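Asks: Let me give you the structure first, and then I'll get to my questions.
The values are calculated or read from the model by the stated rules, or taken from the named source; none is laboratory data. On a predicted model such as this, the values are computed, not experimentally measured, just so you know. Every residue, glycine among them, receives a Cβ derived from its backbone with ideal geometry; neighbour counts consider all protein chains shown. The protein model used for the area step is the full one, side chains on, heavy atoms only, and it has no ligands, DNA or RNA in it. Shrake-Rupley method; radii C 1.70, N 1.55, O 1.52, S 1.80 Å.
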Amino acid sequence: AGSAARPGGHSCGSPEISWALPDTSHVSYDDLTSIILFSFNILFLFAYLCHVVGSQVGEVLLYYCYCEVRDPEKLCAWQKALCQHLHLTGKVRVASEGINGTVGGSKIATSLYIKVMLSQPLFKNILCQEDFKSSAGGAHCFPDLRVGVFKEIVPMGIDPKIVSYKETGIHLSPQEFHREVEQYLSQATEGQSDTILLDCRNFYESKIGHFQGCLAPDIRKFSYFPSYIDENLELFKDKRVLMYCTGGIRCERGSAYLRSKAVCREVYQLKGGIHKYLEEFPDGFYRGKLFVFDDRYAICSNEDIISACRYCGVLWDQYKLCSSQHCRQLVLTCPSCCNKGLTACCPVCQEKELKVTSRASGQTLKEECECTRRRPRVPVEHGSPRMLVTGK
């Protein structure tokens, strides 16, 4: 940890945005898109196999870059043109504080995307090859392409000028983080630890995979994280905090917020997130699946299953959307229970269709289901932090 550094941010004048698009004249359409022209049934089977077994036809990239952007609208327009040019799908958030993206396509397309991003003057000397995390997938992992301008590139709900990425915690490489977790677990066993291993993700993410011995807040959105910290400041008083998330971006703002409270001895974060850790330690201290925000829902690096079917309790970690028409909750229900018709997230959704309330504008609101109503928006941890321990 002593060799790690806290980045000071990039506050120099924002370079002009290049409108360059890569030359694809040497690449065939099929190679660029990975589309195979079969009949509908065979194409459906092909897409299913890509989804289930992680075909190497394409990949999904996850990345972010904090930097000052003078013209977010221009960067947004270029990103949209670039992704369409390369037949990429996914989601890209642009703001005055930088860019955050997860895109899927053929390996040729994602390789060209990385090359162009690294040559973009705006990201020069800030973004590097190692900042892109990849996993097996492709364009089929997303329903479409969504590129937009937002106030934050990760939705924490606090003005970036108030809590800035420039005040982030100390970054630890996967190797450094691994050593820290190893030491923490050995001390925690003896009841002598002055460290908290903090999961910055949402409850449905940590449910199917997490680091052994972690504290995983029972929150539904990252925008609830600041309130969770405020309600539980005593837990973090005089503690060393090791933070982690999927790809690192939530820790950037989350660690800055925790540091702003001036209660911790020091705040560290896993550089590159769980993605980078699993590349080097696939059978390390992180057990279970890694939740991802696309149609795959999760990717795996080890064989552990740490969660269970919500109906019968058998080990199960593959999410599905609640079968109720107006509910968007995720549910863990095993094949046996699915065959019995148990496909909803809670009894309210299972027994009846949710009622829809009409607004005056004609828009509709979904009724909150039982499991949403019962979950406290910001849980309060009493006494010692709640530790999640996973055995191999």
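Asks: Does the range 350-359 include one or more residues that are crowded, with 21+ Cβ neighbours inside 10 Å and touching a strand residue (DSSP E or B) at 6+ places or on another chain (Cβ under 9 Å)?
Replies: No, the range 350-359 has no match at all.
Here is a yes/no grid of residues against (1) touching an Asp or Glu at 6+ places or on another chain (Cβ under 8 Å); (2) more than 22 Å from Thr246 (Cβ to Cβ); (3) modelled with pLDDT of 95 or more; (4) not aromatic (Phe, Trp, Tyr):
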{"residue": "Gly54", "(1), (2), (3), (4)": "no, no, no, yes"}
{"residue": "Val57", "(1), (2), (3), (4)": "no, yes, no, yes"}
{"residue": "Leu62", "(1), (2), (3), (4)": "no, no, yes, yes"}
{"residue": "Trp78", "(1), (2), (3), (4)": "no, yes, yes, no"}
{"residue": "Asn100", "(1), (2), (3), (4)": "no, no, yes, yes"}
{"residue": "Lys115", "(1), (2), (3), (4)": "no, yes, yes, yes"}
{"residue": "Phe132", "(1), (2), (3), (4)": "no, no, yes, no"}
{"residue": "Val147", "(1), (2), (3), (4)": "no, no, yes, yes"}
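Asks: Just checking: which of the strands (runs of 3 or more DSSP E) contained wholly in the range 275-365 hold 2 or more residues that are of a type in the set (D, E, K, R), modelled with pLDDT of 90 or more and over 18 Å from the mean Cα position of the chain (by Cα)?
Replies: Passing ranges: none, list empty.
Asks: Could you identify the single residue in Ile126, Ile153 that is within 24 Å of Leu61 (Cα to Cα), touching a His at 6+ places or on another chain (Cβ under 6 Å) and of a type in the set (A, V, I, L, M)?
Replies: Ile126
Asks: Among the residues of the range 260-300, which ones are open to solvent by 40 Å² or more (accessible area, probe 1.4 Å), of a type in the set (Gly, Ala, Ser) and under 16 Å from Cys245 (Cα atoms)?
Replies: Once the filter is applied, which keeps residues that are open to solvent by 40 Å² or more (accessible area, probe 1.4 Å), of a type in the set (Gly, Ala, Ser) and under 16 Å from Cys245 (Cα atoms), the range 260-300 yields nothing.
Asks: Can you tell me which condition His210 does not meet? The list is (1) open to solvent by 10 Å² or more (accessible area, probe 1.4 Å); (2) out of contact with any Phe, Trp or Tyr (no Cβ under 9 Å at 6 or more places or on another chain); (3) in contact (Cβ under 8 Å) with a residue 60 or more places away in the chain, and all the others hold.
Replies: With (1) open to solvent by 10 Å² or more (accessible area, probe 1.4 Å); (2) out of contact with any Phe, Trp or Tyr (no Cβ under 9 Å at 6 or more places or on another chain); (3) in contact (Cβ under 8 Å) with a residue 60 or more places away in the chain applied to His210, the lone miss is (2).
Yes/no per residue for (1) in contact with a Gly (Cβ under 7 Å, 6 or more places away or on another chain); (2) surrounded by 21 or more Cβ atoms within 10 Å (Cβ to Cβ); (3) at positive phi:
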| position | (1), (2), (3) |
| --- | --- |
| Asp194 | no, no, no |
| Ser206 | no, yes, no |
| Pro217 | no, yes, no |
| Phe225 | yes, yes, no |
| Glu234 | no, no, no |
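Asks: Against the conditions (1) touching a helix residue (DSSP H, G or I) at 6+ places or on another chain (Cβ under 9 Å); (2) surrounded by 16 or more Cβ atoms within 10 Å (Cβ to Cβ), where does Glu176 fall short? Just the number, please.
Replies: (1)
Asks: Scan the range 372-386 and tell me whether some residue there is at pLDDT below 75 and acidic (Asp, Glu).
Replies: no
Asks: Do you know which residues across the range 61-108 are over 17 Å from the mean Cα position of the chain (by Cα), farther than 19 Å from Ser18 by Cβ and buried (at least 21 other Cβ atoms within 10 Å of the Cβ)?
Replies: Listed by number, the residues that qualify are Glu97, Gly105, Ser106.
Asks: Moving on. Cβ contacts < 7 Å: first residue touching a residue at least 12 places away in the same chain (Cβ under 8 Å), restricted to the range 332-345; second residue charged (D, E, K, R) and open to solvent by less than 30 Å² (accessible area, probe 1.4 Å), any location; separation 6+ or different chain. Result?
Replies: Once the first residue is touching a residue at least 12 places away in the same chain (Cβ under 8 Å) and sits in the range 332-345, its partners that are charged (D, E, K, R) and open to solvent by less than 30 Å² (accessible area, probe 1.4 Å) give Leu332/Asp317.
Asks: Which of the residues that make up the range 129-158 are under 19 Å from Val69 (Cβ atoms), open to solvent by 50 Å² or more (accessible area, probe 1.4 Å) and out of contact with any Pro (no Cβ under 8 Å at 6 or more places or on another chain)?
Replies: Arg146, Phe150, Pro155
Asks: Turning to a different aspect of this structure: In the range 109-128, how many residues are open to solvent by less than 10 Å² (accessible area, probe 1.4 Å), without any contact (Cβ under 8 Å) to a residue 60 or more places away in the chain and among the hydrophobic types (A, V, I, L, M, F, W, C)?
Replies: Adding up the residues that qualify gives 2.
Asks: Criterion first (over 21 Å from Gly248 (Cα atoms), of a type in the set (Lys, Arg) and either at pLDDT 95 or above or touching a Lys or Arg at 6+ places or on another chain (Cβ under 9 Å) (or both)) does Lys91 satisfy it?
Replies: Taking the combined requirement at face value, the residue does not satisfy it.
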